[in-house]
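Notes follow once the structure below has been shown.
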Amino acid sequence: MPHEVIMPALGMAQETGLILAWRKAPGDAVKIGDVLMEVETDKAAMEVEAQAEGYLADIRAREGENVPVGNVIAVIADEPGAVAAGEEATPADAPSDEQPPAQQDGNEVIMPALGMAQDTGLLVAWHKQPGDAVAADDVLLEVETDKSVMEVQAGHDGYVAELRAEAGENVPVGDVIAVISAEKPEVPVKRNTSKKKDAKPEQQVTSASPKNPETSRPAPKRAASQPPTGDRILASPKAKRLAAERGLDLARLATDGHRQPYHVADLDRLSAVPAQPSTATANAFDHVEARVDRSGYDAFRLWLAGESQIDDLAVWSAFAIATLRAAIQSESRRMVAQAHRPLRRQSVRFCDPDLSGLSAIEASQDDPAPDLILRDLTGSAVTKAHFGAPAVPAISISDSNGTFEITLESPAGMLEPETALAIVHEMAVRLEEPLRHLL
């Protein structure tokens, strides 16, 4: 009897798991205890073992895909060659031996242009599924451009009648990716055209007799050294955080041919990878500076300290995350600041520090990758420091002659010039007039 493999709950508050890599390919023999795949949660990357013996007959989720906990992601069959990988029939999919369902009527949702030079968008995740009710301001999907990941709202009230693209697919700007109908559809549709369009002959299960496993099984799928979707790098949250803190680029491991996903142990290997030519590193980051009078912040700090004990790192992290959140227009996304006092060897993380009172900000015990790095260089002779292009935007604050000097560095092209300028300007305004942050 076939055994269904579901996305396990590897943490108490886990809702989804990111599939980093499959260790078995369709048709492979599987024993109880064999490692089937690696899954990443917001805590760590873990290996998931098989709980049944047989043959891996059906893989229903791809590497790089976020899957809700409890969803079936694979099937272990008693005999090899039972089902082709990725060809499962779900209520929202069209059966392979029938004509595809007719296109649904309703309001069309297109792949938006989120940047001036954007030709395509990578569909990171759907937040709604076929048949779900939606409001116009509900988040329908997440889209990644070459600049950032942004949430896209439905734009219409109604029901999701049809999804025409899958997570992990690059879709041209202007293409219809979903249909929202006024009435709940009788048969909502989820099209998987990309799988059939991109399928290669060696990935298909042949019609040979299942008694001969060598002729009926597909060629094993091997983990690629390049990212599975666009330029995405698969790595554990801790590896991403430490790489960001050290100014290391995990993409160099992929370029050098090392297989993903990456873990903390791979950072030593990354240190041995030859550096990029100096002509490339010279333009590897964007740089913006500002200077403001610090008397306004000093007065604000005295007033706030009279109310409760405060920490400048926490307050400045709140200012920095608020400016970043406003600049990239992401109000609901969880955002983390990695704050440092380098000369004191202090480092602390703050999760959504801008969403709580300045005196109530607490350090995060979680281990997510940071969205922004903040360095406090005040009280020292150091005013500027650069150690290579950071993996995420980095804000440094130093002081001299009664002024704050603010420096923003970010990977080249990560932020639009207008966005980088807005972040530095808004950070400067908040330091000069902190009450504006509270208002």
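Since every read-out is calculated from the coordinates, none of them should be taken as a lab result. Note that the structure is predicted; figures quoted are calculated from it, not measured. Every residue, glycine among them, receives a Cβ derived from its backbone with ideal geometry; neighbour counts consider all protein chains shown.
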(message) Please compute the Kirkwood hydrodynamic radius of the range 294-430 from all pairs of different C-alpha atoms, in Å with one decimal.
(response) 15.3 Å
(message) I want the antiparallel fraction of DSSP beta bridges within the range 285-438, as a percent rounded to 5.
(response) 75 percent
(message) Need the full-extension length gain, residue 78 to residue 295, defined as separation in residues times 0.36 nm minus the C-alpha distance. One decimal, nm.
(response) 70.7 nm
(request) Pop a pseudo-label 7 angstrom from the Cα along the beta-carbon direction at both residue 381 and residue 34 and give the gap in nm to one decimal. (result) 6.4 nm
(message) Could you check the spin-label model distance between residue 302 and residue 256? Points 7 Å from the Cα along Cα→Cβ, value in nm.
(response) 5.3 nm
(message) With 10 angstrom as the radius, rank 323, 407 by how many other C-beta atoms surround their C-beta, starting from the fewest.
(response) 407, 323
(request) Among the GluC sites (Glu not before Pro) in the range 163-193, which ones are in a DSSP loop with at most 12 other Cβ atoms within 10 Å of the Cβ? Mind listing them? (result) 183, 186
(message) Within a 10 angstrom radius of the beta carbon, how do 362, 409, 40, 65 rank from fewest other beta carbons to most?
(response) 362, 65, 40, 409
(message) Under the rule of at least 5 residues apart or a separate chain, name every residue whose amide H is placed under 5 Å from the amide H of residue 73.
(response) 5, 6, 7
(request) Could you list 270, 234 in order of exposure, starting from the residue whose Cβ has the fewest other Cβ atoms within 10 Å? (result) 270, 234
(request) Excluding residue 141 itself, calculate the net charge of residues whose Cβ lies under 9 Å from the Cβ of residue 141, where each Lys or Arg counts +1 and each Asp or Glu counts -1. (result) -1
(message) Can you pull out the trypsin sites (Lys or Arg not before Pro) in the range 339-439 whose DSSP state is coil and whose Cβ has at most 16 other Cβ atoms within 10 Å?
(response) 345, 384
